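Okay, structure first, notes after.
The values are calculated or read from the model by the stated rules, or taken from the named source; none is laboratory data. Quantities reported herein were computed from a predicted structural model and do not represent experimental measurements. Reconstructed Cβ throughout: ideal geometry from the backbone, glycine too, with neighbour counts over all protein chains shown. Ligands, DNA and RNA are excluded from the accessible area calculation, which covers all protein heavy atoms including side chains. Shrake-Rupley method; radii C 1.70, N 1.55, O 1.52, S 1.80 Å.
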Amino acid sequence: MNFDIIRCGRAVLHVTDLEKSRAFYDALGFIETDSDDDNIFFRGLEEHNHHSLWLKKKAEPALEVISYKVRSNEDMEALAHFFEEQGRKVEWMEAGTQKALGRSLRVTDPAGMPVEYYAEMETVDRMLQRYDVYKGAKVQRIDHFNCMVSNVEEAHDYYIDQLGFACSEYTAGEEEKIWAAWLHRKPSVHDVAFMNGPGPRLHHIGFWLKDPMSLIDGCDYLASLGYGPSIERGPGRHGLSNAFFLYLRDPDGHRIELYNGDYLTSDPDFKPIRWDLNDPMRQTFWGHEAPDSWFEEATEVLDIHTGKTKPLHEPLLKKRKPNFVT
């Protein structure tokens, strides 16, 4: 393995109404870096890269790609060679074809997710100590992606054995089959999680908050602007990852998690934490039961080569909403 994947970097979402999306993400506390008639680029308060969320105006909502930052352009070349040896068709995006981004590499992973790798992005001023612009949930940075896929164990094995990710926590059910897994490159709980369900789809994008009170502030601010119905689940705490969480749906139904509370995973002797599928505290350490929408609905993803929506495949493991969540 001669490439170095640093962390999750950005997501590109298609939205149908830029003004509605702008108002929603502004209320969450994102910083708008740049925009035009068809695009908005957002970042968190502590982020020094140009954006971590790119919204594109399109006829239908979808995920175009999830992106990982790598150490250098040489790492991208090594990744391209690695994928091509596996028979995976890669798509190069030359510098200048995407706003603020250098050359990037796109590929479809074994789960069917559209994935991109890049090394260079324009830098901007960090707003960490610009307390005069703090509002809403005061979003700090992108933290992770959660992908709903038909074969979690295949994705788990590939990302660990082939791409050098590590597992922090996982859920196992019947016959010790992996039902969900939390994988990381940066020294936190996850950069990407995979959960069992019809896929490939994007379940949510997680953004880090500086403290739990920021999440409560976000709820108050959103409700005051009439966005109370956009809150889908939470506040609450997951047993998995120890996350203090809130899930919201943007105007196009894309799911956003506001997130705080995970822990350090960088020690080489760190051992993954196993949760039993029937443990009532794994998904909800405390809080209200997740609604059906949380288990059933997710963002469709696009084929990186054709731009068309990818077909869904039914999960290999049982698809069910746990009835034991408290």
The residue from 245, 285, 270, 295 that alone is closer than 22 Å to residue 139 by Cα and of a type in the set (Phe, Trp, Tyr) is 245
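Tell me yes or no: at least one residue of the stretch 276-291 is more than 18 Å from the chain's Cα centre (by Cα), on the phi > 0 side of the Ramachandran plot and either modelled with pLDDT of 95 or more or not in a helix (DSSP H, G or I) (or both).
Checked the stretch 276-291: at least one residue is more than 18 Å from the chain's Cα centre (by Cα), on the phi > 0 side of the Ramachandran plot and either modelled with pLDDT of 95 or more or not in a helix (DSSP H, G or I) (or both).
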Query raised in the report: Restricting attention to the stretch 159-180, does a residue exist that is under 25 Å from residue 48 (Cβ atoms) and part of a helix (DSSP H, G or I)?
Result: no
The residue that is most open to solvent (accessible area, probe 1.4 Å), considering only those in the stretch 56-83 that are charged (D, E, K, R) and assigned to a strand (DSSP E or B), is 57
Can residue 22 be described as within 21 Å of residue 95 (Cβ to Cβ), modelled with pLDDT of 95 or more and either more than 14 Å from the chain's Cα centre (by Cα) or among the hydrophobic types (A, V, I, L, M, F, W, C) (or both)? no
Checked 169, 120, 174 against criteria (surrounded by 23 or more Cβ atoms within 10 Å (Cβ to Cβ), among the acidic types (Asp, Glu) and over 30 Å from residue 224 (Cα atoms)); the one match is 169
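Take the conditions at pLDDT 95 or above, open to solvent by less than 30 Å² (accessible area, probe 1.4 Å) and closer than 14 Å to residue 207 by Cα and apply them to residue 53. Does it pass?
yes
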Next item on the list: Output yes when any residue across the stretch 260-272 is under 24 Å from residue 297 (Cα atoms) and open to solvent by less than 10 Å² (accessible area, probe 1.4 Å), and no when none is.
Entry: no
